[in-house]
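Participant: A single structure is presented below for examination.
The values are calculated or read from the model by the stated rules, or taken from the named source; none is laboratory data. The structure displayed is predicted, hence computed values, not measured ones. Note: ideal-geometry Cβ built from the backbone for every residue, glycine included; neighbour counts use all protein chains shown.
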Amino acid sequence: MAENVKVAVRVRPFNEREKNRKAKCIVKMSKKSTELLDPGNLNSEPKRFAFDYSYWSHDGFKVRNDGYCEPADKNYVDQEKIFSDLGQVLLDNAWLGYNCCLFAYGQTGSGKSYSVFGYGQNKGIVPVACERLFDRISEKRANADKSREEEYQVFVSMLEIYNEQIRDLLNPNSFKLKGGLKVRLHASKGFYVESLKTFPVKSYNDINSRINEGTRNRTIASTNMNATSSRAHTIVTINFVQKGKNDAGQNMTKTSIINLVDLAGSERVDSTGATGDRLKEGAAINLSLTSLGNVIKSLADVGAGKKGVMIPYRDSKLTMLLKNALGGNSKTIMIAAISPADINYDETLSTLRYANRAKSIKTKAIVNESPTEKLIRELKEENARLMKQLEGKGGIGETQGEVTMQGVPEEEVEEMKKELEEQLRQNEEEMNAMKKSWEQRLKEVQTAQEEELEKERKKREDMKVTPHFWNLNEDPALTGMIIHFVKPGVTKIGSNKAASVPDILLNGLNIQPEHGVVSNRNNVVSIKPCLPAKILVNGKALTEKMELHHNDRVMYGSKHLYVFHHPQDLAKNPDKEKKEESPTYNSAQEEIVANSGFDMTKGSDKSQDDLLLQQELVELMPHVNEANAMSDELKKRIRFEIVLISPQSQGLSHGRTQVSVVMKNLSNENEFVWDRNKFLNRKYLMEEMYQDFVNGDKDWDVDQNKDPFWEPPETEVLVGVVHIFLQSLSYLIEIEEFLGIVDYRGGQQGLLKVDIVPCTQNGDLLPEEDFVDDPKELLNRAVNFKISIAHARGLPSRIKKSFCKYQTYLDKKPRKTKAIEGTRNPDYKYEAIVSSKIVTEKLLSYLENETLVIYVWGTQNDVAVENAGGAGLVAQRKAAFLSNAGWNEDERSKMMIELNTERKRVARLEKKLKRVQDFVTTETEVGRLNAEKLNIILKSGYKFKAVAMVVAAAEKTKQAAKNGKKTTSKACSLS
Ligand code: ADP
Ligand code: MG
């Protein structure tokens, strides 16, 4: 009978970061409804959804001594409740012989792994289900009726889909396979993964240790291969087989396949930016997740009664493997994990909509039970049929094949043959397995598994007494999975390229063959880098030998982050563990960011925006460092730096400072600003390229137009902006400025000559005395202004072509000057008249309060800079560094121009100021000035008011420039 997929939604507590920045909870739940508030408009109607289960795990709990989170009020839903609602049903169905599937959907950090696998004492559905499964098996065995020959068999496999490649997590050798494992189609069983290892397990400990092994392999792979674990889908498959005689004495086999799926983070990497990028990475990044969305949508359409819908299962690996779970023979549950925090509104809404759609999917589960004889017979028949097919394709018989397969390309025939042969092999194996006794199968893996368990137990013991490193990963599920011991004597750290195999073997970015040495003498442990190898201890670069203490943070290269655990040091100082919280990935990254020059102090003086900015920095910095390390190793001559871009430097009057990345091409000194999303997308492609390079793929380097490290010089870049206060115009006083073109760093990139002069309709000057005492006098009059952009001076030498762009309140479209090429001092000779037949209140307010922003855009020269590589590269970096500090010739001359203009400007301002002062002085001398009078001067339309306002405006400009500098930029990165 068809039934709907069950959908549960669960909201997690705030994490440390969210608490720090006092995030607001925008999720509300009642028994069956989940509400989401729009943080931008808290008074608007919340979005409402109804699910089979709504789980409130946000607050109302207390942490038990052993770490278990138990309810403190009746609303809180703990792991036990989740299991009894969802896990138990899953198990019951498995016992009945149904296939089951549980999948967890949600953005990274929303709590998918917490529900599926769990952390520590807060065990998730998978471990509890395994535990209960074996409990019940023991029970059944104990009470078994001997004559029925009952037998229970459990098998486990674990795989990961990363970037459309399948890796067998229980077989690390499969990681080396280019393109990953293949998905094949079996005539009766559907899609399966070729040569995926499936292990028989006989106890909870067995299965638990397998899952741990898989997770450890995942951790090592993601660190060594420099991959982002949140982009992988993990599938644990438990195959549960029950055998025994039925009432009629017939041998029966009942099977259930349980798929437990922890999906990749659902966040849309392209949600805000990067959409305009030449490389459309966003689309390819998680093909599997996109396809899953499409499949769910189509299935939901079918569920709603739509006819003739094609379900695109074949679009991705994930959807092929989940075909049964989604639309076929399976009882399926989906958990949608959501964040409670205001800033995650968009993602949470999208998750809820996704889950809502999944509700209407229908599956049709059947009990998979057949007489064993029949199963064997079917397999035999199928194999006979396969053999025949294979003969037909020229696989086994010869001549006949050529006739039937005429016209089909040879590779395709080959591929089909392989597929058939693989199916034959699989069936053969399955038949053998059916004939083999369970004991036999267990025995085959038992000794190895027993040794493994013993090793694991010993390791736990060792950890209590031996100093060791444990790993930190951005994914908490992969944290603490890798342990490296520091035994008495010398422990060498290095890569697989070292002359002799190092004791601690690390691979991947920035790891030298001989990277460092840790020595342990009488439990005094010290560490020394093999320079120039990069080691950071507590965020600082290590240059010489240093003693390590309990809970010190150590980063090897750019990706391997560890915490040092020192039992003896801890014993001397037992308070230490309590006083200092155990380091986390986040705190360790914060410390690295702080050490590279960014302000990471917390405190009440920090605004929400500041804290958010800090968080974004902490998230982006490791990626920037990794991108630089990849660029170095691939000799791409590209440098990435984090920049904080103030809204002003983008010509905006309000908004948040953005964390972005400047990409610098050291070969031609081009610079491009990439927003965070574009950078992350590009980095993903860099990782792919890097992996090919590491694998020794000859074709790792792709065409320039597909190269994530490349940006064409023709790409237009914003050289800088000029802000012009328009207030003078409201008094019909002209503006004549030679203003700094300010870039995202708050630095000047040259000067722009801009005049805005009130004029007649034809552009003739107004008579000198025609300014107004009170801007209100302009209301309902006609005004005309002539805007001239004469020239720019001292643009950066990397700029090839430049032009200016602006849009006044009166313009429907932006206006542009012509583009001038080949000079640092372009003469735009631009003039335009902006007119309004009638001055409205709005226009007046614009003139009085707003600034006109002129954007200077340009393209860059593609002139190779000399000295590629080696010492030349170092010299060039130095030059680049010096130029950032404003110290090369070019910069110096620019600064001189700037200084001179500034002097002139100040002189002019002083002249104007003097006029006001003179006036005030004369008035005072004749005894006519008092506070009241001053007020009148400022408020009434006294003739000099205009001038006073101009002075005030100029002050404001200066002030703004000062403030602007403070909030703008700081560029920094590690090398
Ligand atoms: P995901 O797998 O979706 O990326 P995780 O399950 O790893 O997210 O959760 C992120 C963090 O939030 C983890 O540190 C986890 O312990 C915590 N967390 C998630 N859900 C809960 C919950 N219901 N109760 C307590 N902590 C939770
Ligand atoms: Mg996870």
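Participant: Does Ala72 satisfy the condition of being away from ligand 2 (no atom under 16 Å from the Cβ) and farther than 17 Å from Ile338 by Cα?
Facilitator: yes
Participant: Quickly run through segment 472-489 and pick out the residues that are within 16 Å of ligand 2 (Cβ to nearest atom) and closer than 25 Å to Val517 by Cβ.
Facilitator: Leu472, Asn473, Gly480, Met481, listed by residue number.
Participant: Restricting the search to segment 60-69, which residues are part of a strand (DSSP E or B) and either out of contact with any Cys (no Cβ under 6 Å at 6 or more places or on another chain) or within 16 Å of ligand 2 (Cβ to nearest atom) (or both)?
Facilitator: Residues of segment 60-69 that are part of a strand (DSSP E or B), as a first pass: 61-63, 69.
Selection gives Lys62, Cys69.
Participant: While we're here: Name the residues in segment 544-563 that are surrounded by fewer than 21 Cβ atoms within 10 Å (Cβ to Cβ) and in contact with a Pro (Cβ under 7 Å, 6 or more places away or on another chain), would you?
Facilitator: Listed by number, the list holds a single entry, Asn551.
Participant: Looking at Ile166, Ile220, Ile207, Ile137, which is the one that is buried (at least 18 other Cβ atoms within 10 Å of the Cβ), under 29 Å from Met416 (Cα atoms) and either out of contact with any Cys (no Cβ under 6 Å at 6 or more places or on another chain) or not hydroxyl-bearing (Ser, Thr, Tyr) (or both)?
Facilitator: From the options Ile166, Ile220, Ile207, Ile137, the qualifying one is Ile166.
Participant: Could you list, in sequence order, the residues of segment 330-349 that are of a type outside the set (Gly, Ala, Ser), within 16 Å of ligand 2 (Cβ to nearest atom) and crowded, with 24+ Cβ neighbours inside 10 Å?
Facilitator: Met334, Ile335, Ile338
Participant: Of all residues in segment 172-183, count the ones that are crowded, with 20+ Cβ neighbours inside 10 Å and either acidic (Asp, Glu) or in a loop (DSSP other than H, G, I, E, B) (or both).
Facilitator: Selection size over segment 172-183: 1.
Participant: Further question: What number goes with the only condition from (1) touching a helix residue (DSSP H, G or I) at 6+ places or on another chain (Cβ under 8 Å); (2) surrounded by 20 or more Cβ atoms within 10 Å (Cβ to Cβ) that Ile645 does not pass?
Facilitator: The number of the failed condition is (1).
Participant: To continue, here is another question. Ala227 is checked against (1) closer than 25 Å to Lys189 by Cβ; (2) in a loop (DSSP other than H, G, I, E, B) and fails just one. What number does that condition carry?
Facilitator: That leaves (1) as the condition not met.
Participant: Name the one entry in Ile238, Ile257, Ile211, Ile220 that is touching a residue at least 40 places away in the same chain (Cβ under 8 Å), more than 16 Å from ligand 2 (Cβ to nearest atom) and part of a helix (DSSP H, G or I).
Facilitator: Working: Ile238 fails: part of a helix (DSSP H, G or I); Ile257 fails: part of a helix (DSSP H, G or I); Ile211 fails: more than 16 Å from ligand 2 (Cβ to nearest atom).
Only one candidate qualifies: Ile220.
Participant: Does Ser57 fit the bill of being more than 16 Å from ligand 1 (Cβ to nearest atom) and either at pLDDT 95 or above or within 21 Å of Ala336 (Cβ to Cβ) (or both)?
Facilitator: no
Participant: Can you say whether Ile311 is within 23 Å of Asp85 (Cα to Cα), surrounded by 17 or more Cβ atoms within 10 Å (Cβ to Cβ), modelled with pLDDT of 85 or more and of a type outside the set (D, E, K, R), as far as the supplied structure shows?
Facilitator: So Ile311 fails the test.
Participant: Let me ask something additional. Looking at Ser195, Ser188, Ser229 in this structure, which one is touching a helix residue (DSSP H, G or I) at 6+ places or on another chain (Cβ under 9 Å) and either closer than 29 Å to Tyr585 by Cα or within 16 Å of ligand 1 (Cβ to nearest atom) (or both)?
Facilitator: Working: Ser195 fails: either closer than 29 Å to Tyr585 by Cα or within 16 Å of ligand 1 (Cβ to nearest atom) (or both); Ser188 fails: either closer than 29 Å to Tyr585 by Cα or within 16 Å of ligand 1 (Cβ to nearest atom) (or both).
Unique residue meeting the criteria: Ser229.
Conditions tested, residue by residue: (1) within 16 Å of ligand 1 (Cβ to nearest atom); (2) more than 16 Å from Asn171 (Cβ to Cβ); (3) modelled with pLDDT of 90 or more; (4) not aromatic (Phe, Trp, Tyr).
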{"site": "Thr215", "(1), (2), (3), (4)": "yes, no, yes, yes"}
{"site": "Ala221", "(1), (2), (3), (4)": "no, no, no, yes"}
{"site": "Asn239", "(1), (2), (3), (4)": "no, yes, yes, yes"}
{"site": "Met252", "(1), (2), (3), (4)": "no, yes, no, yes"}
{"site": "Thr255", "(1), (2), (3), (4)": "no, yes, yes, yes"}
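Participant: Any chance you could count how many residues in segment 82-133 are within 16 Å of ligand 2 (Cβ to nearest atom), out of contact with any strand residue (DSSP E or B) (no Cβ under 6 Å at 6 or more places or on another chain) and closer than 23 Å to Lys202 by Cβ?
Facilitator: Residues in segment 82-133 being within 16 Å of ligand 2 (Cβ to nearest atom), out of contact with any strand residue (DSSP E or B) (no Cβ under 6 Å at 6 or more places or on another chain) and closer than 23 Å to Lys202 by Cβ: 5 in total.
Participant: Is there any pair with a first residue in segment 1-27 that is within 25 Å of Ser582 (Cα to Cα) and in contact (Cβ under 8 Å) with a residue 24 or more places away in the chain and a second that is in a helix (DSSP H, G or I) and more than 12 Å from ligand 1 (Cβ to nearest atom) whose Cβ atoms are under 6 Å apart and which are 6 or more apart or on different chains, and what are they?
Facilitator: Within 6 Å, the pairs are Arg17/Gln615; Arg21/Gln608; Arg21/Leu611; Ala23/Asp342.
Participant: While we're here: For segment 55-77, indicate whether the set of residues that are among the aromatic types (Phe, Trp, Tyr), in contact with a Leu (Cβ under 9 Å, 6 or more places away or on another chain) and buried (at least 17 other Cβ atoms within 10 Å of the Cβ) is non-empty.
Facilitator: no
Participant: Still on this structure, please answer the following. Out of segment 469-494, which residues are within 16 Å of ligand 1 (Cβ to nearest atom) and of a type in the set (Gly, Ala, Ser)?
Facilitator: Ala477, Gly480 - these are the residues of segment 469-494 that are within 16 Å of ligand 1 (Cβ to nearest atom) and of a type in the set (Gly, Ala, Ser).
Participant: Residues of segment 331-351 being assigned to a strand (DSSP E or B), more than 16 Å from His58 (Cβ to Cβ) and either out of contact with any strand residue (DSSP E or B) (no Cβ under 6 Å at 6 or more places or on another chain) or of a type outside the set (D, E, K, R) (or both), which ones?
Facilitator: Across segment 331-351, the qualifying residues are Thr332, Ile333, Met334.
Participant: Looking only at residues in segment 422-459 that are surrounded by 15 or more Cβ atoms within 10 Å (Cβ to Cβ) and within 16 Å of Arg385 (Cα to Cα), which one is farthest from the chain's Cα centre (by Cα)?
Facilitator: In this case the residue turns out to be Met431.
Participant: Got at least one residue in segment 511-518 being among the β-branched types (Val, Ile, Thr) and at pLDDT 95 or above?
Facilitator: yes
Participant: With the requirement that a residue be part of a loop (DSSP other than H, G, I, E, B), away from ligand 1 (no atom under 16 Å from the Cβ) and of a type outside the set (D, E, K, R), what does segment 115-155 give you?
Facilitator: Asn143, Ala144
Participant: Related question: Read through the list (1) in a helix (DSSP H, G or I); (2) farther than 25 Å from Phe672 by Cβ; (3) among the aliphatic types (A, V, I, L, M), then give the number of the only condition that Met600 fails.
Facilitator: Failed condition: (1).
Participant: Out of all the residues in segment 833-860, which are free of Cβ contacts under 8 Å to residues at least 40 places away in the same chain and among the polar types (S, T, N, Q)?
Facilitator: Of everything in segment 833-860, just one residue is free of Cβ contacts under 8 Å to residues at least 40 places away in the same chain and among the polar types (S, T, N, Q), namely Ser845.
Results for (1) surrounded by 14 or more Cβ atoms within 10 Å (Cβ to Cβ); (2) more than 16 Å from ligand 2 (Cβ to nearest atom); (3) within 26 Å of Phe83 (Cα to Cα); (4) over 28 Å from the mean Cα position of the chain (by Cα), shown as yes or no for each residue.
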position	(1), (2), (3), (4)
Met1	no, yes, yes, yes
Lys6	yes, yes, yes, yes
Arg10	yes, no, yes, no
Phe14	yes, yes, yes, no
Lys19	no, yes, no, no
Lys31	no, yes, yes, yes
Glu45	no, yes, no, yes
Phe49	yes, yes, yes, no
